[in-house]
Amino acid sequence: MDTATLKLRGMSCAACANSIENAIRSVEGVSECSVNFGVEQASVTYDACKTDLNAIQNAVDAAGYSAQAIQEQDLLMGDDDAERQTRQAASRDLHRKVWTGGIISTLLVVGSIPAMTGVQIPLIPMWLHNFWLQAILTAPVQFWCGRSFYVNSWKALKRHASTMDTLIALGTSAAYFYSLFVTIFPEVLAAQGLEPSVYYETAAVVITLILLGRLFENRAKGQTSEAIRKLMGLQARTARIIRNGQEMEVPIAEVQLGDVVLVRPGEKIPVDGEVVEGASTVDEAMVTGESVAVKKQPGDEVIGATINKTGSFKFRATRVGKDTFLAQIVKLVQQAQGSKAPIQKLADQVTGWFVPVVIAIAILTFIIWYNFMGNVTLALTTTVGVLIIACPCALGLATPTSILVGTGKGAENGILIKGADSLELAHKLQTIVLDKTGTLTQGKPTVTDFVTVNGTADRNEIHLLQLAASVERNSEHPLAEAIVQYAQSQQAELTAVRDFEAIAGSGVQGYVLDKFVQIGTQRWLTELGIETQALATQRDKLEYLGKTVIWIAVAGKVQGIMGIADALKPSSAHTVQTLQKLGLEVVMLTGDNRPTAEVIAREVGITRVLAEVRPDQKASTISALQAEGKIVAMVGDGINDAPALAQADVGIAIGTGTDVAIAASDITLISGDLQGIVTAIQLSRATMRNIRQNLFFAFIYNVAGIPIAAGILFPFFSWLLSPIIAGAAMAFSSVSVVTNALRLRNFQPRIH
């Protein structure tokens with residue numbers, strides 16, 4: 001299955017998005033398709049053996065729109081010049097049409113004042129009252145300014161569909177052509193005893209106001225993508241590399257893997273790499289959120305787009321182009337902004353049948369008023385009002401614009417949200433499960449105690465340390481690294497291991513100097529039938545202090561234990577308290593023994609502890625919590641957390657953890673600061689609150705606006721909604737929704 005992102009052109013409302021989505025889904029081989037009206041993009045998953053991008057683009061063209069595949073390299077490297085130029089060209093075209101329509105509409109309104117009020121105003125030239133002149137003045141507004149409404153309506157008609165443009169074209173055409181008929185054949189109305197009335201100003205003003213609304217809407221929608229532009233702006237444009245002994249400056253796109261890059265003080269680091277010469281401090285705040293510059297020396301990793309502060313250094317490029325850390329962040333944010341939240345399904349269903357229903361209501365309105373009142377003016381005014389005021393655009397923009405701003409705001413706060421569904425679900429969370437090592441703790445355990453059966457520090461102890469560390473050197477577990485580092489600090493000489501084996505969640509074993517060495521948990525050794533009572537007292541003391549106890553057995557007999565401590569992160573206790581204040585249950589999940597786990601839990605204020613859980617049991621443990629009827633988030637950083645992260649309703653990975661954990665998660669905290677959990681939940685709640693506000697106003701607008709336009713108040717108050725006011729309301733309903741979504745840019749996490 002291949003995936004592609006398409007840039008769409010020609011959409012005017014949410015009904016257009018539905019039409020495109022249906023057209024793409026009808027292509028054989030397409031398995032998934034999501035069209036986002038807010039960002040004017042389609043995300044498509046398809047079987048490359050059955051179809052290709054050309055077939056998908058042809059389907060979009062046949063539906064009356066256009067689609068262009070977005071190249072991933074351009075998407076990630078910030079090459080958005082073409083998109084910006086297209087948006088600017090559209091804006092200039094709208095400006096010209098709005099100014100033209102505005103000037104002509106002003107003349108028409110001034111010329112219509114006597115007919116509307118029955119009062120002759122001396123200052124108004126008599127020639128402005130002429131119906132023929134008004135018809136000529138209205139024509140360029142109707143057919144040039146409003147040309148797109150006719151073009152899009154005709155495309156929709158050819159595919160037996162209807163859109164917002166259909167309503168606008170019908171409403172303004174009804175006003176214009178009725179007025180033109182009255183202008184050409186005034187005697188027809190006079191024969192029926194009716195006063196000839198024209199609505200040229202209605203058609204012109206409505207078109208102008210709708211175009212003005214679209215101009216504001218485009219400008220506001222452009223602001224919602226500000227987060228992406230900020231991220232892309234962090235990228236360096238050039239790099240100073242050394243090839244064949246020569247120093248040269250090249251565009252960043254030409255940097256290749258293995259190139260040696262020179263960075264001077266104050267410059268941006270162009271790509272990801274590893275320092276090979278020199279030393280400096282680097283400002284990594286854009287990635288980690290940490291304001292303190294980080295020291296870099298040979299062997300340390302550097303991240304593209306971070307800023308070199310003090311010294312010069314050379315590094316070897318290890319990730320370039322779309323593989324850099326910044327490029328991956330941009331890609332994740334774009335994927336999230338192009339995705340659909342489940343709450344949007346309701347709006348999609350409504351807009352699917354909205355336009356046909358509105359047309360039916362407009363026809364019924366005309367029939368009722370004309371038959372019962374015999375007043376063509378009343379019937380026409382209400383019909384045009386219904387057609388003009390109906391606006392599915394607001395419904396279509398309600399969700400995606402909020403998602404667009406919310407996910408962008410998350411990126412600014414060091415929180416990468418993979419999809420709109422994750423952002424929506426986060427506000428419903430009831431239980432937060434925190435892994436211990438690397439999540440609540442620093443993830444850098446150190447050996448604090450080493451006790452042998454002999455109880456004394458002698459050559460036998462160093463020899464035992466040599467055996468244990470030699471085996472652990474083959475393991476990737478953080479505790480193994482702590483044991484190796486401790487052995488090296490004690491000058492223990494490590495040696496080769498034969499028949500090494502790692503038993504997940506239990507320990508490791510192998511032959512060292514022809515001796516069979518086993519290092520792991522007491523539970524594992526007990527299961528193997530190895531007696532552990534000799535060091536039970538020392539074990540109890542270490543566990544009381546909250547230390548992890550590792551047992552060492554040689555030739556089937558316990559020879560010693562190690563106490564290993566992992567310091568808590570400074571933010572752990574405060575984050576747990578804040579989560580509890582937000583009404584969330586906080587659970588600690590760890591493979592450590594229960595006494596050790598409970599000590600750590602007490603320090604941070606967690607009351608529910610799930611201890612001695614093997615890596616292969618973590619996912620089933622999350623499943624058991626879900627079986628209690630809870631919506632669960634799992635927070636972890638290691639490879640062994642990946643299944644649990646995938647099983648949880650929302651998986652939250654610590655960004656300082658492994659790539660596997662990040663890939664399996666729904667939300668990534670780039671900096672590794674647990675406070676990001678609180679920020680993510682608060683952002684989710686703020687975004688969903690904003691979406692509900694948008695949907696409420698969009699629904700209320702249509703539920704109240706259409707009946708009022710249809711004249712429901714006329715029998716009681718003799719008042720009709722002017723089509724001009726209806727046009728203004730329709731034009732600015734979408735603007736109000738986008739403007740409300742933009743309020744999310746002011747989001748700030750609340751620290752309790």
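Placing pseudo-labels 7 Å out from each Cα toward the beta carbon at residue 602 and residue 462 gives an inter-label distance of 3.8 nm. Taking the Cα centre of segment 496-539 as origin and assigning +1 to Lys and Arg Cβ atoms and -1 to Asp and Glu Cβ atoms, the resulting dipole is close to 140 debye.
Using a simple spin-label model with pseudo-atoms 7 Å out from Cα toward Cβ, residue 545 and residue 264 lie 5.3 nm apart. Relative protection proxy for 158-168, 378-388, from highest mean packing down: 378-388, 158-168 (other beta-carbon atoms within 10 angstrom). Per residue, the solvent-accessible area of segment 552-660 (1.4 Å probe, heavy atoms of protein chains only, all protein chains present) comes to 38 Å². Solvent-accessible area of segment 570-613 (1.4 angstrom probe, protein heavy atoms only): carbon and sulfur portion equals 49 percent. Each Cα pair under 8 Å and six or more residues apart adds its separation to the average, and for segment 524-623 the resulting relative contact order is 22 percent. Each of the peptides 359-366, 313-320, 297-304 was scored by the mean count of other Cβ atoms within 10 Å over its residues; in descending order, highest first, they stand as 313-320, 359-366, 297-304. What's the carbon and sulfur percent of segment 375-506's accessible surface, probe 1.4 angstrom, rounded to a whole number? In segment 375-506, the share of accessible area belonging to carbon and sulfur is 44 percent.
Ranked by the mean number of other Cβ atoms within 10 Å of their residues, highest first, the peptides 425-433, 553-561 fall in the order 425-433, 553-561. Take every pair of alpha-carbon atoms less than 8 Å apart whose residues are at least six positions apart; their mean separation over the length of segment 503-570 yields a relative contact order of 29 percent. Among the listed pairs 322/436; 569/618; 436/630; 345/409; 296/418; 436/515, a Cα-Cα separation exceeding 28 Å is found for 322/436; 296/418; 436/515.
The values are calculated or read from the model by the stated rules, or taken from the named source; none is laboratory data. Predicted model, so just to flag it, every value in this text is computed and none were measured. Note: ideal-geometry Cβ built from the backbone for every residue, glycine included; neighbour counts use all protein chains shown. These area figures cover heavy atoms from the full protein model, side chains too; ligands, DNA and RNA do not enter into them. Shrake-Rupley method; radii C 1.70, N 1.55, O 1.52, S 1.80 Å.
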